[in-house]
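Inspection log for the structure reproduced underneath, given as structure tokens.
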Amino acid sequence: MRRLRLFYQNNKKKIWTIIGIVVLGLVLIRLANYNIQREKEEIRQNIANTTERNVSYAPSQSIISDTNLTEEKAEENIETIEKFIDFCNNSQIEEAYNLLSNDCKEELFPTVEDFYNNYYKDIFTERKSYDAKVWGTSGVVTYRIKILKDIMASGKVEDEFIEDYYTIVTEEETQKLNIKNFVNKTEINKNKSIEDIEFNVLNKKIYIDYEEIEVEIKNNSDARVVIDTKENTETVFIRDTKGIGYGWYGHEIANNLLELEPGDTVNLTIKFNKIYNTNRKDATIHFTDIHKEGVEKTLSVEIGI
């Protein structure tokens with residue numbers, strides 16, 4: 001007993017620190033479990049509402065911004081998402097495909113077969129329910145979608161789900177969907193030249209996890225040009241209106257595409273490490289490691305987008 005008291009006196013601070021860490025860990029675990037159960041119940045109720053076609057459940061508050069949708073717009077959006085899920089659940093594959101926007105089809109699913117093989121058959125192996133929350137509203141409205149086993153069949157919310165992002169767009173006054181994390185495509189058509197090297201920024205495609213910008217580059221000079229040596233990962237980037245830069249995935253572009261002989265033209269689709277955020281608007285794209293034979297200094301160009 002004496003040894004125990006002596007050990008306590010010599011290690012009192014450590015003992016109480018360990019006890020505090022253990023207690024804090026248990027509290028955090030209980031809090032996490034509580035939040036998980038609360039989210040499950042919220043999802044269960046949301047799914048039950050949408051399954052009953054109670055469009056009064058249409059979420060309107062954005063998760064990542066302070067913007068709100070009108071009740072009418074929120075209901076209209078949920079009806080479109082609901083229609084798509086219903087088509088998939090009922091194996092009406094062509095009808096579901098026809099709800100996709102032209103841009104979504106062009107970028108991800110050029111044919112119904114592509115949609116079936118690369119989306120439908122991986123997700124709708126059985127009847128599914130869904131939970132939708134407004135993710136962002138900036139010209140278009142994007143929803144974070146959780147696709148789960150049908151709660152009305154099982155009676156409970158499963159821990160496992162498939163997450164996707166659906167964006168509502170309008171084509172010819174009809175609502176359409178962009179799915180599989182594809183947000184939208186916008187035309188840019190801005191150009192700039194330096195030392196007879198012409199840069200034409202054609203369009204931008206936004207995904208939840210990254211952006212792609214298509215650029216046409218023409219070497220109108222009589223010298224060989226290297227657009228980027230790829231010795232530095234930060235020499236091609238986009239910058240937003242708040243001055244924050246986002247680097248490119250240069251490793252995804254073959255070196256030979258960046259080397260232009262006199263008269264050559266190349267079209268590059270450049271991916272940038274920029275997560276979709278409605279508060280971060282692109283301002284410019286930069287190429288800062290351009291090398292032209294006969295010109296000693298490294299060239300740089302900035303194009304407004």
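A few notes on this one:
- Looking across region 114-131, the residues that are without any contact (Cβ under 8 Å) to a residue 24 or more places away in the chain and loosely packed, with under 12 Cβ neighbours inside 10 Å come down to Lys121, Asp122, Thr125.
- Filtering region 187-201 to residues that are free of Cβ contacts under 8 Å to residues at least 40 places away in the same chain and closer than 13 Å to Asn267 by Cβ leaves Glu198, Asn200.
- Tally, over region 147-173, of residues that are assigned to a strand (DSSP E or B), closer than 17 Å to Thr80 by Cβ, modelled with pLDDT under 95 and not hydrophobic (A, V, I, L, M, F, W, C): 2
- Where helices (runs of 4 or more DSSP H) sit wholly within region 89-141, those with at least 1 residues that are among the polar types (S, T, N, Q), out of contact with any Asp or Glu (no Cβ under 7 Å at 6 or more places or on another chain) and farther than 17 Å from Tyr165 by Cβ occupy 93-98.
- Of the listed requirements (1) surrounded by 15 or more Cβ atoms within 10 Å (Cβ to Cβ); (2) over 30 Å from Thr137 (Cα atoms), Thr298 misses just one: (1).
- If you check Lys180, Lys192 for being surrounded by 14 or more Cβ atoms within 10 Å (Cβ to Cβ), modelled with pLDDT of 95 or more and assigned to a strand (DSSP E or B), only one passes: Lys192.
- Cβ-Cβ contacts under 7 Å between residues 6 or more apart (or on different chains), taken from a first residue in region 133-147 that is of a type in the set (Gly, Ala, Ser) to a second residue that is part of a strand (DSSP E or B), are listed as Gly136/Thr142.
- Among residues of region 221-238 being modelled with pLDDT of 95 or more and within 16 Å of Tyr210 (Cβ to Cβ), the one that is surrounded by the fewest Cβ atoms within 10 Å (Cβ to Cβ) is Phe237.
- Any hit, region 269-289, residues being farther than 30 Å from Thr167 by Cβ and either hydrophobic (A, V, I, L, M, F, W, C) or in the same structural domain as Asp164 (by TED's automatic domain parsing) (or both): no
The values are calculated or read from the model by the stated rules, or taken from the named source; none is laboratory data. A quick note: this is a predicted structure, and the numbers were derived from the prediction, not measured. Note that we place each Cβ from the backbone using ideal geometry, even for glycine, and neighbour counts take in every protein chain shown.
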